1. For the stretch 100-105, just list the computed ³J(HN,Hα) in residue order, Karplus coefficients 6.51, -1.76 and 1.60, θ = phi - 60°, integers in Hz, with x standing in for Gly and Pro.
2. Taking θ = phi - 60°, what integer Hz values does the Karplus form 6.51 cos²θ - 1.76 cosθ + 1.60 yield along the stretch 41-55, in sequence order, with x for Gly and Pro?
3. If a/c stays under 1.5 just call it rounded; otherwise compare a/b with b/c (prolate if a/b is bigger, oblate if not). Do that for the stretch 43-99, with a ≥ b ≥ c from the square roots of the Cα gyration tensor eigenvalues.
4. For the stretch 69-87 and the stretch 91-108, write down the distance between their C-alpha centroids in whole Å.
5. Within a Cβ distance under 15 Å of Lys59, other residues only, what is the Lys/Arg minus Asp/Glu net charge?
Amino acid sequence: MRKFYLIGLVLFSLFSSSFGADDTVYWNFTDGSTPKIAHFYPNPATSYINFTFDKSVDKSYTLQVYNFIGKKMNEYRITDAKLTINLDDNYLRGLYIYQLRDQSGRIVESGKFQVNK
């Protein structure tokens with residue numbers, strides 16, 4: 001058990017500097033496009049998280065959520081300008097990565113959010 005704790009502590013220290021949760025959303029759009037996700041809240045989340053999308057996001061887009069070690073948690077088809085994800089018991093305390101993908105599967109936007117339970 002102690003060995004797992006130490007491994008977890010080492011992984012946390014490696015990722016905490018570059019994946020620390022904050023309220024600032026960073027976008028790097030070099031092609032002149034605008035962000036597709038207007039904002040997401042609350043961050044950190046406890047039981048749910050809301051994503052609101054730009055009007056240019058159509059029903060062919062999907063939002064994928066991964067945990068910090070890369071396991072895909074869920075995939076959601078965008079059907080409205082707002083998406084609420086209920087954070088069930090599978091979402092443990094930690095950092096999660098979201099990816100907004102277009103119809104061809106290309107990542108249009110990505111970011112991170114934190115779950116505190």
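1. Each residue's phi maps through the Karplus curve to give 8, 10, 8, 4, 7, x Hz.
2. 7, x, 9, x, 9, 10, 10, 7, 9, 9, 10, 10, 10, 5, 5
3. Details: a/c = 2.27, a/b = 1.64, b/c = 1.38.
Since a/c reaches 1.5 and a/b is larger than b/c, the shape of the stretch 43-99 is classed as prolate.
4. Comparing the Cα centres of the stretch 69-87 and the stretch 91-108, I get a distance of 8 Å.
5. Values: positive: Lys36, Lys55, Arg77, Lys82, Arg101; negative: Asp54, Asp58, Glu75, Asp80, Asp102.
Overall, the nearby charge balance is 0.
Every number here is computed from the coordinates shown, using simple stated rules; none is lab data. It should be emphasised that the depicted structure is a prediction, and the values quoted were computed from it without experimental measurement. Neighbour counts run over all protein chains shown; Cβ positions are idealised from the backbone, glycine included.
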